[in-house]
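Before any comments, here is the structure.
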Amino acid sequence: FSTYSGVSVLRVNGTWQTYNTSNSGLTNDMVSSIAVDAVGNKWFGTQGSGVSVLRADGTWQTYNTSNSGLASNIVNAIAADAAGNKWVGTFYGVSVLRAGGTWQTYNTSNSGLASDGIGPIALDAAGTKWFGAWGVGVSVQWGATEYPIIDNRQWPSFSLYRASYDITSAIPKATYRVSLSNALDPD
């Protein structure tokens, strides 16, 4: 469990253990997010010190703006995908630590993200990445293309229309039938 006093773990035997800056390699007690990757490394996003990683071998590593390509030391979300990439949501976009060790940051100036302020991140079984965009909705990445879903209408192609209003949930990528009534204009 991530808390603003460190990380608390409920053990199988029913006891609790709390890790913080005084008894672990965490660099900040304000932990906002946790992800566990495929090899068992635990990734902790902090509110001011970047990312602390507890490696499966018991060693700690830190990623922050001074030693990596992380966009901000204030981390809102972390997710690990099946390819070994770590997706880190910040107020300055999404920073991705690729499986090969390189960093890349996506923001509104170089991608289709609806906002630089990224909240929750969800990855589905098909590899689609969903990014909660502070104040404007959701952005989604299918493959290498990012599609913003915000409160506007768009015709991405001749036969595809996309619009949103008050996004409250995400649905799987598929073919759906949509009925429309009381349209404001014939287009």
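Descriptive notes on the structure:
- Taken over the stretch 85-100, the criterion of being open to solvent by less than 50 Å² (accessible area, probe 1.4 Å) and free of Cβ contacts under 8 Å to residues at least 12 places away in the same chain is satisfied by 96 alone.
- For the stretch 51-64, filtered to residues that are more than 13 Å from residue 97 (Cα to Cα) and of a type outside the set (A, V, I, L, M, F, W, C), the residue that is surrounded by the most Cβ atoms within 10 Å (Cβ to Cβ) is 52.
- The condition (being crowded, with 21+ Cβ neighbours inside 10 Å and part of a loop (DSSP other than H, G, I, E, B)) is satisfied by just one residue among 82, 114, 77: 114.
- Every residue from the stretch 3-48 that is assigned to a strand (DSSP E or B), over 21 Å from residue 96 (Cβ atoms) and not small (Gly, Ala, Ser): 3, 7, 9, 10, 16, 17, 18, 19
- Consider the stretch 97-133 and keep the residues that are β-branched (Val, Ile, Thr) and touching a Gly at 6+ places or on another chain (Cβ under 6 Å). The one that is farthest from residue 82 (Cα to Cα) is 118.
The values are calculated or read from the model by the stated rules, or taken from the named source; none is laboratory data. Note that the structure is a prediction, hence the values are computed from the model and not measured. When we count neighbours, we look across all protein chains shown, and the Cβ atoms used for this are built from the backbone with ideal geometry, even at glycine. Accessible surface is based on the protein model in full, side chains and every heavy atom, while ligands, DNA and RNA are left aside. Shrake-Rupley method; radii C 1.70, N 1.55, O 1.52, S 1.80 Å.
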